[in-house]
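Report on the following structure.
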Amino acid sequence: MTVRVEQVVRPLRGELEVPGDKSIAHRAVIMGAVARGETRIENMSRGADNSSTVAAFRRMGVAFRRDGGTLCIEGGGWDGLQAPRETIDCGNSGTTMRLLAGLLAGRPFDAILDGDDSLRTRPMKRVIEPLTRMGGRVAGNEGRAPLEIHGQPLHGIDYASPVASAQVKSAVLLAGLQARGETRIEEPYRSRDHTEIMARGFGAVVERDGRTVAVKGGQELSATQLKVPGDVSSAAFIAVAAATIPGSDVSILAVGCNPTRTGVIDVLRAMGADIEVARSWEEAGEPVADLRIRGSELRGTEVEAELAPRTIDEYPVLFVAAALAGGTTLFRDVGELRFKESDRIATMTGELAKMGVRTEVRGDDVMVEGAGGLKSAAVESHDDHRVAMALAVAGLSTPGGISLSNEDCVRVSFPGFFESLGKISN
Ligand code: S3P
């Protein structure tokens, strides 16, 4: 399908919430499924990625029910999982596939994990490697999905991960919780720590020392109740729209503000954006805040490599912010973007070029030139939810608007995205 996104004629105004955090919800479902007792998850997103994780555990015999807005999981402990009779379809969700690979490597049965065309192109060696070192038997198709897992007793390892990836870290920790002895994983930079926080919420002991996280094996999880904060990665699209449209004043309520995720706020502030934390509190061990964003003139900046793990999913929309800012923005060391739902360096620079934006890719650095003004064009999402939403945000500032094809993929993380934009643009 194709949608038209017209330039807004008035500033964006109003107050809204975004769906529950996708990363946190995956972890809540995974741990709830192997904990003992009934876990209750409030504000669970209905996005397709989270639904893939729920469907995976249904295939392994776990019972779920909805009680109003709350998802209830009947967990039977690690041993409550049953061998799936069919292939588990992870859809578009890299988190589902990589975290389940870690979990299932230590279960006493076989399973096959597969996904859509995009997921089948993404690198899985990064989880196969450490899981194999733990004694796991996980076979890919030249390092990609489908993954065949022959569950085994595992042993702990000391692993220095070459990539700062929360999915790799989480796969290793989920395997480590079931392994003999201790498992330690060190990362080059700290990635999001939702797995560590969630595991503690389910009663596990997880230790952290700088960039190293450790768990002892043989830990049982016990059921809990929690409320998922709003997804800062979804809030980012609304925030950039508000920050780049002069006169806007938008509040996004109850957004998860874990510092391992909020690089986007730091980058936008460095570009001169006016973002105020109106209220802050804690939910499920995670910091949460109401954010108020007012439109202002943005200027180019230099985004350092250290920011990458804290900002990784927000680069597509930050490229749009940079295109609308004065001057040039340099994004350093963003090579990991090539391994997302699409090659986001190629897809974003290609689509922005159609809108007259000049970009330059030098190795793993991306430079975006601002101040040119955007040109009306027909652009394409490449079936990547964050590319679709980033381009839609660009469309709001484009004279003559844009037409965006295959926009339906926004349901992966932000069902209701276009309705949310409508709510603040009237
Ligand atoms: C995620 C980790 C990140 C991120 C993805 C979600 C997670 O991936 O891009 O959208 O929930 O752990 P990497 O681990 O590949 O960096």
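The values are calculated or read from the model by the stated rules, or taken from the named source; none is laboratory data. This one's a predicted model, so the numbers in the text were calculated from it and none came from an experiment. Heads up, the Cβs are rebuilt from the backbone with ideal geometry, glycines too, and the neighbour counts pull from every protein chain shown. What goes into the accessible areas is simple: the full protein's heavy atoms, side chains included, and nothing from ligands, DNA or RNA. Shrake-Rupley method; radii C 1.70, N 1.55, O 1.52, S 1.80 Å.
Things worth noting here:
- In the chain, the calculated helix contribution to ellipticity at 222 nm averages -9000 deg cm²/dmol per residue, counting -39,500 (n - 2.57) for every DSSP H run with n ≥ 4.
- Dipole size of region 64-221 about its Cα centre, with +1 on Lys/Arg Cβ and -1 on Asp/Glu Cβ: approximately 260 debye, rounded to the nearest 20.
- Solvent-accessible heavy-atom area per residue, rounded to whole Å², over the chain at 1.4 Å: 37
- Restricting region 167-231 to GluC sites (Glu not before Pro) that sit in a DSSP loop and have at most 16 other Cβ atoms within 10 Å of their own Cβ leaves Glu220.
- Of Ser233, Cys257, Pro84, farthest towards positive along the dipole that unit charges on Lys, Arg, Asp, Glu beta carbons give the chain: Pro84
- Each of Leu330, Val357, Val168 was placed along the dipole of the chain (beta-carbon charges, centred on the mean Cα), and the one lying farthest toward the positive end is Val168.
- Under the Karplus curve 6.51 cos²θ - 1.76 cosθ + 1.60, θ = phi - 60°, whole-Hz ³J(HN,Hα) for region 207-224, x wherever Gly or Pro sits: 10, 10, 9, x, 9, 10, 10, 9, 9, 8, x, x, 8, 8, 9, 10, 4, 8
- Computed about its Cα centre, the charge dipole of the chain is approximately 380 debye, with only Lys, Arg, Asp and Glu carrying charge at their Cβ.
- Evaluated at q = 0.06, 0.12 Å⁻¹, a Debye calculation over the C-alpha positions of the chain (equal weights, vacuum) places log10 I(q)/I(0) at -0.23, -0.94.
- Whole-percent carbon and sulfur share, accessible surface of the chain, 1.4 Å: 45
- Distance between the modelled labels on Leu330 and Gln219, one decimal in nanometres: 4.2 nm (7 Å Cα→Cβ projection).
- For Glu360 and Arg180, the FRET efficiency from 1/(1 + (r/R0)^6), where r spans their Cβ atoms and R0 equals 45 Å, is about 0.35.
- Among residues other than His150 with Cβ under 15 Å from its Cβ, the summed charge is 0 (Lys and Arg +1, Asp and Glu -1).
- Rounded to the nearest 20, the size of the Cβ-charge dipole of region 8-136 about its Cα centre is 240 debye, with Lys and Arg at +1 and Asp and Glu at -1.
- Since only Gln152, Leu421, Ala390 are under comparison, the one whose Cα sits farthest along the positive direction of the charge dipole of the chain, derived from C-beta charges on Lys, Arg, Asp and Glu, is Gln152.
- Distance between the 7 Å Cα→Cβ label points at Asp249 and Ser405: 4.2 nm.
- Across region 284-306, the residues whose backbone nitrogen lies under 16 Å from the label position 7 Å along the beta-carbon direction of Ala371 are 297-302.
- Net charge of neighbours whose Cβ lies under 10 Å from the Cβ of Met124, counting Lys and Arg as +1 and Asp and Glu as -1: +4
- Given the chain, longest segment not containing exposed loop trypsin sites (Lys or Arg not before Pro) (DSSP; at most 16 other Cβ within 10 Å): 212-357
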